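J.: Sharing a structure here in structure tokens format.
The values are calculated or read from the model by the stated rules, or taken from the named source; none is laboratory data. For clarity, every value in this text was computed on a predicted model and none was experimentally measured. As a convention, Cβ positions derive from the backbone with ideal geometry for all residues, glycine included, and neighbour counts pool all protein chains shown. Only protein heavy atoms, including side chains, enter the accessible area calculation; ligands, DNA and RNA are left aside. Shrake-Rupley method; radii C 1.70, N 1.55, O 1.52, S 1.80 Å.
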Amino acid sequence: MPSVELNKTIPDFEAAATGDQTVRLADLRGRNVVIYFYPKDDTPGCTTESQDFRDNMQAFTEHDTEIFGVSRDGLKSHDNFRGKFELPFHLISDKDEKLCALFDVIKLKKLYGKEYMGIDRSTFLIDAKGVLRQEWRGVKVPGHVDEVLTAVKAL
């Protein structure tokens, strides 16, 4: 499956999420959608990023925007992470990496001299018609959520 492209419609997908939810992109038509990919639940950068989205949830809601976090962690880990930090949005488990492949976020990474394939922190803004309007790859957490919110307000 080819990866997503700016200003093109995102192919419909279905994915398991926290709270026994199944997220279907087609069901979200009529609302903006922010999908952010992060490496792992309960790690410092991922926690900060998730808290930043949480702390700005009201502003996103006022602009008719749904937020979903995605990582390869399982639903149990996601439920714990979501509960611990009182995240008001659902987290998608992408153990089979289908969404990671669609959005092309798996990259070669290095940690302590070891190379591995991992999620490149990335965020995607999809408009109410299902079209990818903006993408951020190789995200640095400080100030990122403000940038996403500014883009949402500009839609």
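J.: What's the number of the only condition in (1) of a type in the set (A, V, I, L, M, F, W, C); (2) open to solvent by less than 20 Å² (accessible area, probe 1.4 Å); (3) outside any loop (DSSP other than H, G, I, E, B) that A26 fails to meet?
T.: Every listed condition holds for A26 apart from (2).
J.: Taking T150, is it open to solvent by 10 Å² or more (accessible area, probe 1.4 Å) and modelled with pLDDT of 95 or more? Steps first, please.
T.: On the way: open to solvent by 10 Å² or more (accessible area, probe 1.4 Å): yes; modelled with pLDDT of 95 or more: yes.
Considered against the rule, which asks whether it is open to solvent by 10 Å² or more (accessible area, probe 1.4 Å) and modelled with pLDDT of 95 or more, T150 comes out as yes.
J.: Taking the options G130, G113, G118, name whichever one is at pLDDT 95 or above and of a type in the set (G, A, S).
T.: Values: G113 fails: at pLDDT 95 or above; G118 fails: at pLDDT 95 or above.
Result: G130 is the single residue among G130, G113, G118 that is at pLDDT 95 or above and of a type in the set (G, A, S).
J.: Filtering region 1-23 down to residues that are more than 14 Å from K98 (Cα to Cα) and part of a loop (DSSP other than H, G, I, E, B), which residue is most open to solvent (accessible area, probe 1.4 Å)?
T.: The extreme case among them is D20.
J.: For region 119-141, which positions are in contact (Cβ under 8 Å) with a residue 24 or more places away in the chain and not hydrophobic (A, V, I, L, M, F, W, C)? First the steps, then the outcome.
T.: Kept after step one, since they are in contact (Cβ under 8 Å) with a residue 24 or more places away in the chain, are these residues of region 119-141: 119-135, 137, 139, 141.
Correct list: D120, R121, S122, T123, D127, K129, G130, R133, Q134, E135, R137.
J.: From the list L108, L91, L87, exactly one residue is closer than 18 Å to H144 by Cβ and assigned to a strand (DSSP E or B). Which is it?
T.: The conditions single out L91.
J.: Which ones in region 82-118 are free of Cβ contacts under 8 Å to residues at least 60 places away in the same chain, of a type outside the set (A, V, I, L, M) and crowded, with 18+ Cβ neighbours inside 10 Å? Outline the logic, then answer.
T.: Taking region 82-118 and keeping what is free of Cβ contacts under 8 Å to residues at least 60 places away in the same chain, we get 83-89, 95-97, 106-117.
Restricting the remaining residues to those that are of a type outside the set (A, V, I, L, M) gives 83-86, 88-89, 95-97, 107, 109-110, 112-116.
The answer is F89, and nothing else.
J.: Have a look at T43, T61 and point out the one that is open to solvent by 50 Å² or more (accessible area, probe 1.4 Å), among the β-branched types (V, I, T) and free of Cβ contacts under 8 Å to residues at least 40 places away in the same chain. Show your work before the answer.
T.: Working: T43 fails: open to solvent by 50 Å² or more (accessible area, probe 1.4 Å).
Every option except T61 fails the conditions.
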